[in-house]
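Q: Have a look at this one.
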Amino acid sequence: MQSCEGGREGGSRTPSPWVMRWADRLEAGALVLDLAAGGGRHSRHLLSRGCRVVAVDRETAGLADLAGRAGMEIVAADLEAGPWPLPGRTFDAIVVTNYLWRPLLPTLCAALAPGGLLVYETFAVGNERFGKPANPHFLLRTGELLELARAHGLTVLAYEHGEDAVPKPGIRQRIAALREAA
């Protein structure tokens, strides 16, 4: 996915501490969407915890070693130029890191099953002083993930916005939000 203007953690295999923290809440067998999965660092972590994973990215070469693995589905799709590749499907959790395509945000919220968990982490305004991404189209505004959760009836479990040093210096915004059970 290109919409992070080079902001992805270039090939890192270490899962985000934010994702690991919230993955602990998922039961074995949970169906998780890893959106803009890149090299699959979160897919691998979620699989190791017994989750079933659907990894979506425009480029899937970094996921090739996971192809055919039990509980793993790989979907090659350009999320910005094509239709939503998973119509009608819902997920127990959706994980997104270092990726922002605003037109997709309502679709992601709608794809959360009742009781589903949204775990989102990406760069925010102010990151431009650290390098890429610097384009405001790819940087969250202050409170933007809180607004998203509110607009879609999600309960915020945790929210952070600020400067990080790891994995590289930058300004990041994170949310973990829950769709209420039916």
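The values are calculated or read from the model by the stated rules, or taken from the named source; none is laboratory data. As the structure is a computational prediction, the values presented were derived from the model and not from experiment. Cβ: placed from backbone, ideal geometry, glycine included. Neighbour counts: every protein chain shown.
Q: Every residue in the range 151-182 that is in a loop (DSSP other than H, G, I, E, B) and in contact with a strand residue (DSSP E or B) (Cβ under 6 Å, 6 or more places away or on another chain), please.
A: Step one: filter the range 151-182 for residues in a loop (DSSP other than H, G, I, E, B), giving 152-153, 165-169, 180-182.
Correct list: ALA181, ALA182.
Q: Okay, moving on. Looking at GLU160, GLU73, GLU180, which is the one that is acidic (Asp, Glu) and farther than 20 Å from ARG41 by Cβ? Don't jump to the end; show me each part of the working.
A: Details: GLU160 fails: farther than 20 Å from ARG41 by Cβ; GLU73 fails: farther than 20 Å from ARG41 by Cβ.
On inspection, the qualifying residue turns out to be GLU180.
Q: I'm trying to understand the selection: among the residues of the range 76-113, which are among the acidic types (Asp, Glu) and either touching a Gly at 6+ places or on another chain (Cβ under 6 Å) or on the phi > 0 side of the Ramachandran plot (or both)? Give the steps one after another, and end with the answer.
A: Taking the range 76-113 as the starting set, the residues that turn out to be among the acidic types (Asp, Glu) are 78, 80, 92.
Passing the criteria: only ASP92.
Q: Pairs needed: first member in the range 28-40, over 15 Å from CYS51 (Cα atoms); second member anywhere, at pLDDT below 95 and assigned to a loop (DSSP other than H, G, I, E, B); C-beta distance under 7 Å; at least 6 residues apart or different chains.
A: So the pair list comes out as ALA36/MET1; GLY38/ARG8; GLY39/GLY11; GLY39/ARG13.
Q: What are the residues in the range 91-113 that are aliphatic (A, V, I, L, M), within 19 Å of HIS42 (Cα to Cα) and either more than 10 Å from the chain's Cα centre (by Cα) or in a helix (DSSP H, G or I) (or both), if any?
A: Step one: filter the range 91-113 for residues aliphatic (A, V, I, L, M), giving 93-96, 100, 104-105, 108, 110-113.
Cutting the leftovers down to within 19 Å of HIS42 (Cα to Cα) gives us 93-96, 100, 108, 111-112.
Scanning the range 91-113 gives LEU108, ALA111, LEU112.
Q: Related question: Pick out the one residue from PHE130, PHE123 that is touching a Pro at 6+ places or on another chain (Cβ under 7 Å), surrounded by fewer than 19 Cβ atoms within 10 Å (Cβ to Cβ) and either aromatic (Phe, Trp, Tyr) or touching a residue at least 60 places away in the same chain (Cβ under 8 Å) (or both).
A: Details: PHE123 fails: surrounded by fewer than 19 Cβ atoms within 10 Å (Cβ to Cβ).
None of the others qualify; the one that does is PHE130.
Q: In addition: Got a sec? Which strands (runs of 3 or more DSSP E) wholly within the range 26-77 have at least 3 residues that are under 16 Å from PHE91 (Cα atoms) and either at pLDDT below 95 or touching a Leu at 6+ places or on another chain (Cβ under 6 Å) (or both)? Steps first, answer last, please.
A: Numbers: elements: 31-35, 52-57, 72-76.
Where strands (runs of 3 or more DSSP E) fall fully within the range 26-77 and carry at least 3 residues being under 16 Å from PHE91 (Cα atoms) and either at pLDDT below 95 or touching a Leu at 6+ places or on another chain (Cβ under 6 Å) (or both), they are 52-57.
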